[in-house]
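Step one of this worksheet: look at the structure below.
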Amino acid sequence: MNNFTNRKFIIGAIFLFVGLIFIIRLINIQLINNKYKLDSDSNVLRTITKYPARGLVYDRNGELLVYNEAAYDLMLIPKQLKEIDTNEFCKLFEITKAEFIERLTKIKKYSTYKPSVFEKEISTESYANIQDQLYKFPGFFVQLRTLRSYQNKNAAHILGYISEVTPAIIEKDNYYKSGDYIGKSGVELAYEELLRGKRGIKKVLVDVHNREKGSYLNGKEDTLSISGERLQISLDITLQTYGELLMQNKIGSIVAIEPSTGEILCLVSSPSYNPNMLVGRAVRKNYPVLSRDSLNPLFNRATMAQYPPGSIFKTIQALIGMQEGVINEKSGFSCIKSLVGCHNHPTATDVASSIKMSCNPYYFQVFKKIIQQNKAKSIYKDSEIGLAEWNKRVKKFGFGGTLQTDIPGVKNGLVPGVEFYNKWYGEGRWAFSTIFSLSIGQGELGVIPIQMANLAAIIANRGYYYQPHILKEIDDKPSIPLIFKQKNYVDIEAKYFEPIIEGMYGVVQEAGGTARRAKINGIEVCGKTGTAQNPHGEDHSVFIAFAPKDNPKIAIAVYVENAGFGGTWAAPIASLMMEKYLTDSISDKIKEQRILEANLMNVIPKK
Amino acid sequence: MRNQRSIFTNIDWIIIGIYLALVFIGWISIYAAVYNEENSAIFDVSQRYGSQLIWIIFAFVIAFIILLLDGVFFTSFALPIYGVLILILIAVLLFGVKVNGATSWFEFGNIKIQPAEFAKFATVLALAKYLSMPNIRIKEFKTKVIATTIIAIPALLILMQNDTGSTLTYAAFIFLLYREGLSGNILFLGVLAILVFVLTLVFGATSMILFGFIIFLLLYAATKFDLKTTVFTTLATISFLVFNTYYEIKDSFIFFGIALILFSIFLFVITNKKLKDKGSHYLGIFILVVSCAYIYSIDFAFNKVLKEHQRTRITVLLGEEDQLINQIKMLEFKMKDETFSQEQKLVIKTDLKTKKESLKELQQGNGWNIKQSLIAIGSGGFTGKGFLEGTQTKFNFVPEQSTDFIFCTIGEEWGFLGTSFVILLYMALFLRIIFIAEKQRSTFSRIYGYGVASILFIHFIVNIGMTIGLIPVIGIPLPFISYGGSSLWSFTILLFIFIKLDSERLFVLR
C-alpha cells in the first residue's frame, strides 16, 4: 500500500532499544550497585543509644556513697527551628543573645538535621521551670541523662570522678563514643568496666522530617542497656569522715587497713575537696580553681606523696637484723650521740627498748651490722653485698613499688639499692659511712603513706600482709580478685616480731615511750613514732600503729607535714581514729578538741 | 455486520489484558505509596487509592461506551473533536485553575479535570484524519506544514498553560510522521541534536566545536578532496590539538585557530580550480557554520533561556554534584597552598563560597529528588522489600510518589522483578499496537495506532527515564499507572478508540 512498511521495524527497534537500556540501567542500580541499599538504610534508620545507669557505690557498712541523679540535656535540631522569641528564650535559659547565636552557628555547622546538645546537664529543678515553656521553641527538646552524685562531701580522692571522654580516648578504646563518660581517678577509674554497665541500642525508623515512625524489625535488633555493677568498697565512711575532720587545717594523710584482710578502711588526704565539685557542668568552673590551688587538693597524698619515713623504719631494721642474725632480741647498743644525734633516754638494752625509746645510735649500729657482714675484703664490696640483701628484704615489705593495690596511680616510692648509689657516687666509691642515714629512715628513702600503713599491718599480722585494696563486694557477691586473698609473707620469722611489738606497745603504753598521747583506755595500742627530717622546713610528724595488740583489727599510718615530733600530732590523731573505729566513740574529748583546733598549715619552716 | 452486535467478538484481548494489568499495578502501587497504618482500608475514598478506584471504574465505563460506538463516529468526528478540544484548551487558559504554577485545570466541585491530557487523543485523531485523506503525501511541503500545525496548536496552547512537560510529549508524533514517510534524516537529526546538546553541556562548547570541526574536516576532506589534502588537514588539526594540550592555550586562541583553519579551507575551496561543483562545497561550509552556531547557542540557551530549576534538572543528571564536590576539594586544597598571594586567595575564597552554595542548592532541590528516587529503586534489589514495606516511599523521601514518581514504589517494593515486569508489559503493549496497526487496511486506523504507540512511548521513556536518572525531571504521568483521573481516562480513551477501530478491521476500509 505504501513504501514505508519496513519502517515498522525501525520504530519497533527504537522501542525495544529504549526498553533494553532501561533494563540494563535497572540491573545496574538494583542488582549491581549496593550503594542505594545503604543510602536507603541511612535515610530511615536512626540508632538511639540507651545509656545504662552507672553502678552505685556503697561503703563497707552498706551506706550509699555514689549514686546517679537525673539531668537533662537540651537538644536542638536546627532544621526544625522555627521563628522563636529569642529574648524570651535567652531569659529562660539565662544566656546572652550573643551566646545564643554563637551556639546556634556552631551547631548548624555540625549538622542541620541531626540533634546536637545545646545546653548540657540541666538539673531537675531547672528543668521543672522550663518544661512547660519548651513547646514555644520548636526544634528544641530534652534528653534524659544521668549525673554522678556523691552522698557525702568526703572521700573525694578514693571515689574519684568521671568526665566526658576525649577524642584521644575514643581513638584508643572503641567502646567509647563521643558524649560518654569515663572514670578519671579513684574507684571510678579502677572499676570503670564494672561501673559503666553496657549500652543498649534502639533502632527506629524515621520519615523524611526526622519524625519517629516506629521500631525497626519490631525491635529484633534492639538491645537493652545493662546497669553498671553495684560495688561495695571497704571504706568505712564514718571513719573516713572523721579522719578528714581531724585532718582539717593540716597537710598530710591517714591510711587505715584491716590487717586480717588488707581492706582499706580509710584513705584521707588533706586538704581535699567536695567530690560534687567535679560533677557535670560544675567541672568547667571548679577544676581550674582546684588545680591552681597552691595546696593542691586534687593531689592524693595518701597514695602519691613520697616522704622519708623517719623512725618508723627502725622496726624494719630490727626485723632484718634479727632475721639476718647480726643481732638478737637481747642485743644492746649504747647511745653514742657522736655517731648520730639522739635525745636523752636510758640505754637501750634490747630490741624492744630500742623501739620504745627510738634510739638513733642503736640503729646506726644495727644497720652497720646488716650492711657490713665481712663477706668481702673491700669495705665497698662488703657494703654492696649488704645493701643488696637489705634492699631485697625491704622490698618484701611492699616498699619501692611492690604493692599491687587496686587504687589507681599509687606511686612507687624509693628503696635505694646498689645500682642507685653506683649511679649516684660511682661504683666502689660508697660504703656504709655514705649511706648510714637509711638506718633511721632518712636519706634517699622514699615511702608512700599507704606503704606505711601496710607496714603497720605486717607487724600486726606478725609477718605477712594482704595487698591493700578498696574493693569488697561486686553486686552483693564476694567476688574480689584472688590476688587480694593471698597472704604475702615478708620472709621474717614470726618470733622476731614479738620484741618489735613489745617495743611498740611500750611506745604507747609504758612510761618513757615516745607516743604516750596515743594511749586509749581499755585498748592495747602498739605504735611507732617517726619524726622525718625535712630539708625544706619543719619536720614531718609520722606515726604507725595497730590495735588491739592481740588479734589486731586496725593498722594505721598518719603523716602530718611540717608538724614536728611524731608523738605530738600524728600519734594522737592515729589513736583517735583507732578508738573511733574500734569503739565508735571518743573518750578523751580534750585530746580530740586539741587536734580539731590545731592549725598546722602555716607552721614556720625550720631551716 | 452481525458481529457488530457483540462488541467483544473482534477486540484484541492481549491489549486489554495488558491494559488491565497496568491499571491494577497502578492501583496497588498508589495504595502502597500513600499507605499508612491509620488509613489502611484500600477502599477508603478519602485516600488517593480510594479515589483512584473510582477513576478506574469510570475508565472502564468510558472504555465500554467507546466499544459500543461505531468506529465511523471517530473518523467522521475526528476534526470536530479536535476543534472542540482546542477551544477547551483556550478556555482553560482563560478560566482555568492554577495548580503548581500551571494553569491547566478546570475545577468542578472537588473534581479537577486537565484538558491537556484529552488533547492528546484529539490530536492523534486529527492527524490520522488529515494524513489519511486521499492524495496527501508527507513528502510535500504543504503537508508537512499542515501536519506540524495540527500538532503545534495544542502544543503551544499547553505551553502557554506553563505545562512544559505535557508540551514535550507532542514530540512523540515524529515517530508517527516517520512511519508515514517523513525523511529519516529528520529523525536522525533530532536524535543528533539531543546528543550534541548533552555532550556540549558535559564537555563545553569549545571542545564540542573543535570536535565537530575535526569530524567535519575528516569527512569532508575524505569525500570531497584528494588524499593529499586529507592527510594535510588531518596533520594540521592533530598538531594543533597536540600543541593545545601541551601548552594549555586560552579558549580565545583556540577560536582563533579554528577560524584560521576554517578560513584557509574556505580559500582553498574557492580557489581550487579542480573543484567543479562549488555549490556543494559552499553547502558543506554552511552546514559547518550552522552546527558551530548551534553548539554555541546551546550554552547561551542553557544559561539564559532555561530557568534555574530547569537547568539543575539537567545538570544533576550530568554528574554536576560530583563535579562540584571535586572542584570544592580542589579549591580547598588551593586555599592551603602558600604560593598564592592574598588577592588570589580572596578570589579562590569567593569562588569556593559560590560553589558550596550551588552544591547545597543542588543537594536539597532537584538533586534530592533524583537521589531519593534512585535510592528507592536501587534499594529494592532483586525481589524488593515487599508490599507496603518500602521505607523510601512510606516515609515520604520520594516526592510525588503516587503520580510522577510511582515507578519508585514499584522498584522499591517489588525490586528488579517488578520493574522489569512493568517494562516488559509496556514493551509488549507497544509492539502489539504496532503489529496490529500494520494489519489495518484502513490508513486512518494505522496512523491512529502509531499515534497511540508514540504517545504512550514518550510518556514511558520520559517518566521511567526520569525515575532511574537517565532523563531530567519532567513531570508527566506513567500511562495507566500514575495516580490521576484525567490521565487515566485520556489514556483509556486513546487506547480504546484504537481497539474499537481494530475490531472493525475486517469490515471497513477507510
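Taking the Cα centre of the protein assembly as shown as the origin and placing charges on Cβ (Lys, Arg +1; Asp, Glu -1), which of B:Gln344, A:Tyr465, B:Phe141 is farthest toward the positive end of the dipole?
B:Phe141
Restricting to Cα pairs below 8 Å that are 6+ residues apart, what does the relative contact order work out to for segment A:412-528? Please round to a whole percent. Please report the intermediate quantities before stating the final value.
Numbers: 108 pairs, mean separation 19.0, N = 117.
So the answer I get is 16 percent.
Please list, in chain and number order, the residues 5+ apart from A:Ile554 or on another chain whose amide H is under 5 Å from its amide H, with Hs placed from the backbone.
So A:Ile554 has HN proximity to A:Ala547.
Quick one: angle between helix A:449-460 and the longest Cα principal axis of chain A, in degrees between 0 and 90, rounded to 10, please.
Roughly 50 degrees between the two axes.
More than 27 Å apart: what percent of Cα pairs in segment A:305-513 qualify?
Tail of P(r) above 27 Å: 33 percent of Cα pairs.
Dipole magnitude of segment A:305-513 about its Cα centre, charges +1 at Lys/Arg Cβ and -1 at Asp/Glu Cβ only, in debye to the nearest 20? Each step should come with its number before you reach the end.
Values: 22 positive and 18 negative charges, 83 e Å.
For this selection, approximately 400 debye.
Suppose we keep just the DSSP beta bridges with both residues in the protein assembly as shown; what percent of those would be antiparallel, to 5?
Bridges in the protein assembly as shown that DSSP calls antiparallel: roughly 95 percent.
If amide H atoms are built 1.01 Å from N in the plane of the peptide, which residues on other chains or at least 5 residues away come under 5 Å of the amide H of A:Val142?
A:Met75
Stick to Cα atoms and the Kirkwood definition of Rh, then tell me Rg/Rh for chain A. Kindly include the intermediate steps, with their values, before the conclusion.
Numbers: Rg = 34.1 Å, Rh = 28.5 Å.
Rounded to two decimals, Rg over Rh is 1.20.
Rg and Dmax of segment A:261-402, using alpha carbons, in Å: what are they?
Cα radius of gyration and Dmax of segment A:261-402 are 21.7, 68 Å respectively.
For segment A:162-239, divide the Cα radius of gyration by the Kirkwood radius and give the resulting Rg/Rh value with two decimals.
When Rh is taken as the Kirkwood radius, the ratio is 1.14.
Dividing the Cα convex hull volume of the protein assembly as shown by residue count, how many Å³ per residue is that?
In the protein assembly as shown, the Cα hull volume divided by residue count equals 274 Å³.
Give me the inter-chain shielding for B:424-437: mean count of other chain Cβ atoms within 10 Å, whole number please. Please list the in-between numbers first.
Values: counts 2, 0, 4, 8, 1, 1, 7, 6, 0, 1, 5, 2, 0, 1.
If you average over the peptide's residues, the count of other-chain Cβ atoms is 3.
Between segment A:203-249 and segment A:457-535, how far is it from one alpha carbon centroid to the other, in angstrom?
Rounded to whole Å, the Cα centres lie 39 Å apart.
Measure up A:Lys375/A:Lys423; A:Lys120/B:Lys356; B:Lys349/B:Lys371; A:Lys82/A:Lys109; A:Lys106/A:Lys184 against 20 Å on the Cα-Cα distance and list the ones that go over. The partial results should precede the final answer.
Working: A:Lys375/A:Lys423 23 Å; A:Lys120/B:Lys356 32 Å; B:Lys349/B:Lys371 29 Å; A:Lys82/A:Lys109 17 Å; A:Lys106/A:Lys184 28 Å.
From the list (A:Lys375/A:Lys423; A:Lys120/B:Lys356; B:Lys349/B:Lys371; A:Lys82/A:Lys109; A:Lys106/A:Lys184), the Cα-Cα distance tops 20 Å for A:Lys375/A:Lys423; A:Lys120/B:Lys356; B:Lys349/B:Lys371; A:Lys106/A:Lys184.
Which ordering of A:Arg462, A:Arg516, A:Arg284, A:Arg196 is given by a fewest-first count of other beta-carbon atoms within 10 Å?
Placing the least packed residue first, the sequence is A:Arg284, A:Arg516, A:Arg462, A:Arg196.
Tell me the mean residue ellipticity at 222 nm calculated for the protein assembly as shown from its helices only (DSSP H runs of n ≥ 4, each -39500 (n - 2.57), averaged over every residue, nearest 500).
Estimated from H runs of four or more residues: -16500 deg cm²/dmol.
Go through B:Gly83, A:Tyr380, A:Gly413 and say which Cα lies farthest out towards the positive end of the charge dipole of the protein assembly as shown; charges sit on Cβ, +1 for Lys and Arg, -1 for Asp and Glu.
Result: B:Gly83, furthest along the dipole toward the positive end.
Is there a simple number for the mean count of other chain Cβ atoms within 10 Å of the Cβ of residues in B:454-464, and what is it?
2
I'd like the antiparallel share, as a percent to the nearest 5, of DSSP beta bridges with both residues in chain A.
95 percent
Taking the Cα centre as origin and putting +1 on Lys and Arg beta-carbons and -1 on Asp and Glu beta-carbons, what dipole magnitude results for chain A, to the nearest 20 debye?
Charge dipole, chain A, about its Cα centre: 1780 debye, nearest 20.
Sort A:529-539, B:440-450, B:110-120 by the packing proxy (mean of other Cβ within 10 Å over each peptide's residues), most packed first.
B:440-450, B:110-120, A:529-539
Which ³J(HN,Hα) values in Hz, rounded to whole numbers, follow from the phi angles of segment A:40-45 under the Karplus curve 6.51 cos²θ - 1.76 cosθ + 1.60, where θ = phi - 60° and Gly and Pro get x?
5, 4, 5, 5, 9, 8
About its Cα centre, what dipole magnitude does the protein assembly as shown give when the only charges are +1 on Lys and Arg Cβ and -1 on Asp and Glu Cβ, stated in debye to the nearest 20?
I would put it at about 2880 debye.
Across all directions of projection, what mean area in square nanometres is found for the Cα convex hull of segment B:318-364?
The orientation-averaged projected area of the Cα hull of segment B:318-364 comes to 3.2 nm².
Taking the Cα atoms only, what angle lies between the long axis of helix A:379-396 and the longest principal axis of chain A, rounded to 10 degrees?
60 degrees
Would you grab the residues whose amide H sits under 5 Å from the one on B:Gly384? Only those 5+ places off in sequence or on another chain, please, with H modelled 1.01 Å from N.
B:Gly415, B:Phe416
Compute the long axis of helix A:97-110 from its Cα atoms, compare it with the longest principal axis of the Cα atoms of chain A, and write down the angle in degrees, 0 to 90, nearest 10.
70 degrees
Can you compute the equivalent ellipsoid semi-axes for segment A:352-433, i.e. the square root of 5 times each eigenvalue of the Cα gyration tensor, sorted largest first and rounded to whole Å?
They are 25, 20, 10 Å, listed from largest to smallest.
Shielding of A:202-208 by partners, i.e. mean partner chain Cβ atoms within 10 Å per residue?
The per-residue average across the peptide is 3.
Karplus couplings for segment A:520-533 from phi (6.51 cos²θ - 1.76 cosθ + 1.60, θ = phi - 60°), rounded to Hz, Gly and Pro as x?
Per-residue couplings from phi come out as 10, 4, x, 10, 7, 9, 10, x, 9, 7, x, 10, 7, 5 Hz.
Which peptide among B:74-86, B:412-424 comes first, and what is the full order, when sorted by highest mean count of other Cβ atoms within 10 Å?
B:412-424, B:74-86
None of the figures in this text is laboratory data; all of them are computed from the coordinates on show. The structure displayed is predicted, hence computed values, not measured ones. Quick reminder, even Gly has a Cβ in these numbers, built from the backbone with ideal geometry, and neighbours come from all protein chains shown.
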